[in-house]
Amino acid sequence: MALLHTAHLRVREEAIEPFRARLLRHAATSLEREEGCHRFEIRQERRDPALFLLIEIYEDGEALQIHRESEHYLAFRADVQDWVVDRQWWFWEEPAEAG
């Protein structure tokens with residue numbers, strides 16, 4: 001069953017532009033290199049451009065683990081560690097059918 005992962009990342013005001021560029025590159029790399037990464041979308045809040053929403057869909061929990069252990073993910077985290085001031089994550093499942 002596919003795993004939907006969303007995250008809110010808040011960055012420092014002075015880091016908005018370099019963070020956006022680095023995040024876009026990270027999303028593209030994840031989609032290109034990870035067979036189990038099916039979707040990686042990025043949204044930026046209109047009134048608060050320092051807030052980013054990530055929407056990611058993985059084949060399963062194993063695919064998410066592969067993502068989290070990948071060289072490009074670890075490089076991304078290292079590159080943005082001083083820019084991100086808050087990080088909130090959610091993991092979504094489809095509800096089981098009643099009955």
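Which of the residues that make up segment 33-53 are under 17 Å from ALA15 (Cα atoms) and in contact with a helix residue (DSSP H, G or I) (Cβ under 9 Å, 6 or more places away or on another chain)?
Residues satisfying the conditions are ILE42, GLN44, PRO49, ALA50, PHE52.
Please go through segment 1-24 and give me each residue that is under 11 Å from the mean Cα position of the chain (by Cα) and not hydrophobic (A, V, I, L, M, F, W, C), ordered by number.
HIS5, THR6, HIS8
Could you check segment 56-81 and list, in sequence order, the residues that are more than 18 Å from HIS38 (Cα to Cα) and either surrounded by 16 or more Cβ atoms within 10 Å (Cβ to Cβ) or touching a residue at least 12 places away in the same chain (Cβ under 8 Å) (or both)?
The first filter runs over segment 56-81 and keeps only residues more than 18 Å from HIS38 (Cα to Cα), leaving 71, 74-81.
The answer is PHE76, ASP79, VAL80.
Quick one: in segment 84-98, of everything that is more than 20 Å from GLU59 (Cα to Cα) and of a type in the set (A, V, I, L, M), which residue is nearest to the chain's Cα centre (by Cα)?
That would be VAL84.
Any residue at all in segment 42-55 that is modelled with pLDDT of 95 or more, within 17 Å of TRP89 (Cβ to Cβ), surrounded by 16 or more Cβ atoms within 10 Å (Cβ to Cβ) and over 13 Å from the mean Cα position of the chain (by Cα)?
The answer is no; no qualifying residue exists.
Among (1) of a type in the set (Lys, Arg); (2) outside any helix (DSSP H, G or I); (3) surrounded by 12 or more Cβ atoms within 10 Å (Cβ to Cβ), there is one condition ARG20 misses while meeting the rest; what is its number?
So the condition that ARG20 fails would be (2).
Taking only pairs six or more apart or across chains, which ones have beta-carbon atoms under 7 Å, a first residue in segment 7-31 that is more than 20 Å from ARG46 (Cβ to Cβ) and modelled with pLDDT of 95 or more, and a second residue that is part of a strand (DSSP E or B) and not hydroxyl-bearing (Ser, Thr, Tyr)?
Correct list of pairs: SER30/CYS37; SER30/PHE40; LEU31/CYS37; LEU31/PHE40.
The values are calculated or read from the model by the stated rules, or taken from the named source; none is laboratory data. It should be emphasised that the depicted structure is a prediction, and the values quoted were computed from it without experimental measurement. With ideal geometry, Cβ positions are generated from the backbone for all residues, glycine too; neighbour counts draw on all protein chains shown.
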